[in-house]
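K.L.:
Please read through the structure below; I'll follow up with questions.
FYI, it's all coordinate maths here, none of it is from the lab. Everything numeric here is computed off the predicted structure, so don't read it as measured data. So basically every Cβ, Gly included, is an ideal-geometry build from the backbone, and we count neighbours across all protein chains shown.
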Amino acid sequence: MYVVLVLVTATAGFLIATFVEGLRPPRFLFLVPFPATPLGFAAYGGLTLALILGIPLALVVLVSRRIDDEPA
């Protein structure tokens, strides 16, 4: 499901850059500039969502593996 959401976001970025004119280049994490092309917006959208969803999901997995029912 995670991969599907990232791919949908990348596709949306590609389509937006394809049909909307006059877009400014996006900056990933306000640091890394991407070109204002369909591939640039696809990469920006996919990476942004992957990071925003990936960090909390990774933390949930980490915590769920470390927390066990402690013997009383």
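K.L.:
Report yes if Y44 is without any contact (Cβ under 8 Å) to a residue 40 or more places away in the chain and among the aromatic types (F, W, Y), otherwise no.
P.N.:
Working: without any contact (Cβ under 8 Å) to a residue 40 or more places away in the chain: yes; among the aromatic types (F, W, Y): yes.
Answer is yes for this residue.
K.L.:
Mind listing whichever residues of segment 48-72 are of a type in the set (V, I, T) and either in a helix (DSSP H, G or I) or surrounded by 13 or more Cβ atoms within 10 Å (Cβ to Cβ) (or both)? Steps first, answer last, please.
P.N.:
If we filter segment 48-72 for residues that are of a type in the set (V, I, T), which is where we start, we get 48, 52, 55, 60-61, 63, 67.
Answer for segment 48-72, where residues must be of a type in the set (V, I, T) and either in a helix (DSSP H, G or I) or surrounded by 13 or more Cβ atoms within 10 Å (Cβ to Cβ) (or both): T48, I52, I55, V60, V61, V63.
K.L.:
To continue, here is another question. Can you name every residue in segment 21-47 that is loosely packed, with under 11 Cβ neighbours inside 10 Å and small (G, A, S)?
P.N.:
Hit for segment 21-47 is G22, nothing else.
So that you can scan it fast, the table gives a plain yes or no per residue for (1) in contact with a Gly (Cβ under 6 Å, 6 or more places away or on another chain); (2) free of Cβ contacts under 8 Å to residues at least 24 places away in the same chain; (3) not hydroxyl-bearing (S, T, Y):
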position: T11; (1), (2), (3): no, no, no
position: L29; (1), (2), (3): no, yes, yes
position: L53; (1), (2), (3): no, no, yes
position: S64; (1), (2), (3): no, yes, no
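K.L.:
Restricting to segment 27-72, what's the tally of residues that are closer than 20 Å to L5 by Cα and either within 15 Å of the chain's Cα centre (by Cα) or small (G, A, S) (or both)? Let's see the steps before the verdict.
P.N.:
First, pick out the residues of segment 27-72 that are closer than 20 Å to L5 by Cα: 28-29, 38-61.
The next check asks that each one be either within 15 Å of the chain's Cα centre (by Cα) or small (G, A, S) (or both); those that pass are 28-29, 39-58.
Within segment 27-72, residues that are closer than 20 Å to L5 by Cα and either within 15 Å of the chain's Cα centre (by Cα) or small (G, A, S) (or both) number 22.
K.L.:
From the list A36, A58, exactly one residue is touching a residue at least 12 places away in the same chain (Cβ under 8 Å) and hydrophobic (A, V, I, L, M, F, W, C). Which is it?
P.N.:
Working: A58 fails: touching a residue at least 12 places away in the same chain (Cβ under 8 Å).
The conditions single out A36.
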